[in-house]
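Quick notes on the structure that follows.
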Amino acid sequence: MRRPFIAGNWKMNMTAESGAALIKELKPLVKGAKCDVALCVPAILIPTMVRAAKGSRIKIGAQNMHWAKNGAYTGEISAEMLKEYGVKYVIIGHSERRQYFGETDQTVNQRTLAALANDLTPIVCVGETLEERESSKTNAVLDKQLTDGLAGVEDLTKLVIAYEPVWAIGTGKTATDEQAQETIAYIRKKLSKLFGHKAANRVKIQYGGSMNAANCKGLMAQKDIDGGLIGGASLKTDFATIVNFDK
């Protein structure tokens with residue numbers, strides 16, 4: 001049985017004051033949650049948010065990391081730096097990193113392997129654009145992202161996959177529960193071919209296409225959806241409604 005996992009992605013939002021205030025509000029609201037809970041916050045906020053979340057169900061994650069241990073990589077953050085502050089999760093290959101900062105399947109792979117080597121849990125993002133979906137290229141895109149992005153991974157169950165239908169993020173288009181399930185089931189099938197049925201059946205796969213308080217129950221009721229990577233809804237107390245999707 002896969003334990004559900006709801007993770008928020010604050011992106012480039014919040015300050016130390018507003019972030020800590022939100023976590024203070026969320027702590028009692030998610031206390032009885034029957035899933036794992038994380039908030040992936042801007043790097044500069046990590047120390048403050050770790051302190052704010054102390055003693056609660058909420059784990060703090062990062063939004064990116066470099067694959068090198070150290071070196072001349074101005075503006076980057078290493079796994080060691082994240083671990084020093086108690087970070088547990090790190091988002092790798094988010095669609096916005098791919099779109100705006102040139103992230104590739106190869107650099108996703110390097111970051112993923114580095115995270116795993118440092119006992120961090122990578123949330124590896126995959127997903128197709130609107131153009132790719134309308135051109136019936138969804139499966140081909142996912143095949144390449146999974147094959148290249150996860151090359152060299154020895155234990156699939158030590159990471160999390162987040163399916164982001166890029167076409168359903170900020171476009172006004174929404175994936176139905178059935179569309180999300182169909183694609184995530186395909187991802188699990190592909191992982192089964194790459195890593196074996198047992199590992200593929202144990203790995204958690206989140207849905208990252210604008211899950212919110214209104215649609216979370218339907219999405220979480222799907223057989224292969226194990227949680228959500230939540231954007232805008234993680235910036236307010238609505239996040240607790242998603243975390244408590246089973247109530």
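Being free of Cβ contacts under 8 Å to residues at least 40 places away in the same chain, over 25 Å from I60 (Cβ atoms) and in a helix (DSSP H, G or I): is that true of K144 here? Break it down stepwise before answering.
Values: free of Cβ contacts under 8 Å to residues at least 40 places away in the same chain: yes; over 25 Å from I60 (Cβ atoms): yes; in a helix (DSSP H, G or I): yes.
It is true that K144 is free of Cβ contacts under 8 Å to residues at least 40 places away in the same chain, over 25 Å from I60 (Cβ atoms) and in a helix (DSSP H, G or I).
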Neighbours by Cβ (under 7 Å, 6+ apart or cross-chain): first from segment 223-243, over 20 Å from K24 (Cβ atoms); second of a type in the set (F, W, Y): I225/Y207; D226/F5; G227/F5; G228/Y207
The lone exception for G71 - which of (1) of a type outside the set (D, E, K, R); (2) in contact with a strand residue (DSSP E or B) (Cβ under 7 Å, 6 or more places away or on another chain); (3) exposed (fewer than 14 other Cβ atoms within 10 Å of the Cβ) it fails: (2)
Residue list for segment 96-112, restricted to those being closer than 21 Å to F5 by Cβ and either among the acidic types (D, E) or touching a residue at least 40 places away in the same chain (Cβ under 8 Å) (or both): E96, V108, R111, T112
Given (1) within 17 Å of A33 (Cβ to Cβ); (2) in contact with a Ser or Thr (Cβ under 7 Å, 6 or more places away or on another chain); (3) small (G, A, S), index of the condition G228 fails: (2)
Residues of segment 31-68 classified as among the β-branched types (V, I, T), buried (at least 20 other Cβ atoms within 10 Å of the Cβ) and not in a strand (DSSP E or B), total: 2
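Can you confirm whether segment 202-209 contains a residue that is at pLDDT below 95, among the aliphatic types (A, V, I, L, M) and surrounded by 19 or more Cβ atoms within 10 Å (Cβ to Cβ)? Spell out how you get there, then give the answer.
Step one: of segment 202-209, the residues at pLDDT below 95 are 208-209.
Restricting the remaining residues to those that are among the aliphatic types (A, V, I, L, M) gives none.
No.
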Selected residue (only one of G209, G218, G228 is assigned to a strand (DSSP E or B) and of a type in the set (G, A, S)): G228
The listed residue being closer than 21 Å to N9 by Cβ and surrounded by 14 or more Cβ atoms within 10 Å (Cβ to Cβ), out of A185, A213, A199: A213
Number of the condition not met by E154 [criteria: (1) more than 26 Å from L113 (Cβ to Cβ); (2) charged (D, E, K, R); (3) not in a helix (DSSP H, G or I)]: (1)
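Please find, among G61, G32, the residue that is closer than 22 Å to G208 by Cβ and touching a residue at least 40 places away in the same chain (Cβ under 8 Å).
Answer to the check: G61.
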Restricting segment 121-141 to residues that are among the aliphatic types (A, V, I, L, M) and surrounded by fewer than 23 Cβ atoms within 10 Å (Cβ to Cβ), the residue that is modelled with the lowest pLDDT: L130
Residue in segment 198-207 that is free of Cβ contacts under 8 Å to residues at least 60 places away in the same chain and of a type in the set (D, E, K, R) present: yes
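So which residues in segment 11-29 are outside any helix (DSSP H, G or I), over 19 Å from A213 (Cα atoms) and not hydroxyl-bearing (S, T, Y), if there are any at all? Before the answer, list the steps.
Of the residues in segment 11-29, the ones outside any helix (DSSP H, G or I) are 11-15.
Remaining after also requiring over 19 Å from A213 (Cα atoms): 12-15.
Across segment 11-29, the qualifying residues are M12, N13, M14.
The values are calculated or read from the model by the stated rules, or taken from the named source; none is laboratory data. This structure is a prediction, so every number in the text was calculated from the model and none was measured. Cβ sites come from the backbone with ideal geometry, for glycine too, and all protein chains shown count toward neighbours.
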